[in-house]
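Notes to accompany the following structure.
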Amino acid sequence: MLVQNIVFFAIASLYVWIGARRVAGTLPFPGPRPPPTWFKVWLVVIWLVGLVLPVITLASEGLWSGNRAVTAAVGGYLLMFVAQVATEIFVWKRWRSPIWVIVPCLYLAWRLWQCWWGFTLDGVAQSSLAAYTFAALFVLWVINIGVHFTNIPLTMRWDHHAPGTVFKTLHHPVALAPGAHDPLE
């Protein structure tokens, strides 16, 4: 599982780097607007269920009880959780790039796979706490996918374009067809 996580991290980092290069030279991204109260509450739920519960499971069922399957599954999950948060902070704060919004898009799908993989391990099935943890994590991340995708317009501050902004129009359903877009000015 460690090799799979490293390969995923390398591929995800490559996608983020390519995306960041595509927007290089544009104005720095100011970051998300102050989130509404419901979103702050949701972030607390994410940290409690997505981080604290797995740490408790790792400590009690993996390390204390010596269950190697739980240690591998929950340890890999936590490693990638930290990798995601670190990548988001780096891309948002250091690069000041809007590409940070795609980081959860990449990692949330991987996280669902990690939950499924962890849930199916024999040693995890023997631990009710680990099984409940992976079930709770799976539900959490499915809900978070919806929250993230429906919140992208707010996150990207799409309402902050100048009133007279004109966007190129797509005139043809095949975007690569000649004359499909308004000409560049």
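Taking residue 51, is it surrounded by fewer than 18 Cβ atoms within 10 Å (Cβ to Cβ) and modelled with pLDDT under 90? Considered against the rule, which asks whether it is surrounded by fewer than 18 Cβ atoms within 10 Å (Cβ to Cβ) and modelled with pLDDT under 90, residue 51 comes out as no. Residues in segment 56-71: is at least one charged (D, E, K, R) and within 25 Å of residue 150 (Cβ to Cβ)? The answer is no, given that none of the residues of segment 56-71 is charged (D, E, K, R) and within 25 Å of residue 150 (Cβ to Cβ). The single condition among (1) in a helix (DSSP H, G or I); (2) in contact (Cβ under 8 Å) with a residue 60 or more places away in the chain; (3) over 20 Å from the mean Cα position of the chain (by Cα); (4) over 20 Å from residue 117 (Cβ atoms) that residue 16 does not satisfy is (3).
Each residue in segment 1-44 was checked for being loosely packed, with under 13 Cβ neighbours inside 10 Å, within 23 Å of residue 136 (Cβ to Cβ) and touching a Leu at 6+ places or on another chain (Cβ under 8 Å), and 0 of them qualify. Please tell me if residue 102 is closer than 17 Å to residue 19 by Cβ and buried (at least 17 other Cβ atoms within 10 Å of the Cβ). Against the criterion (closer than 17 Å to residue 19 by Cβ and buried (at least 17 other Cβ atoms within 10 Å of the Cβ)), residue 102 qualifies. When segment 104-151 is limited to residues that are over 18 Å from the mean Cα position of the chain (by Cα) and aliphatic (A, V, I, L, M), the one that is nearest to residue 92 (Cα to Cα) turns out to be 135.
The values are calculated or read from the model by the stated rules, or taken from the named source; none is laboratory data. Please read these numbers as outputs of a predicted model, since none were measured by experiment. Note: ideal-geometry Cβ built from the backbone for every residue, glycine included; neighbour counts use all protein chains shown.
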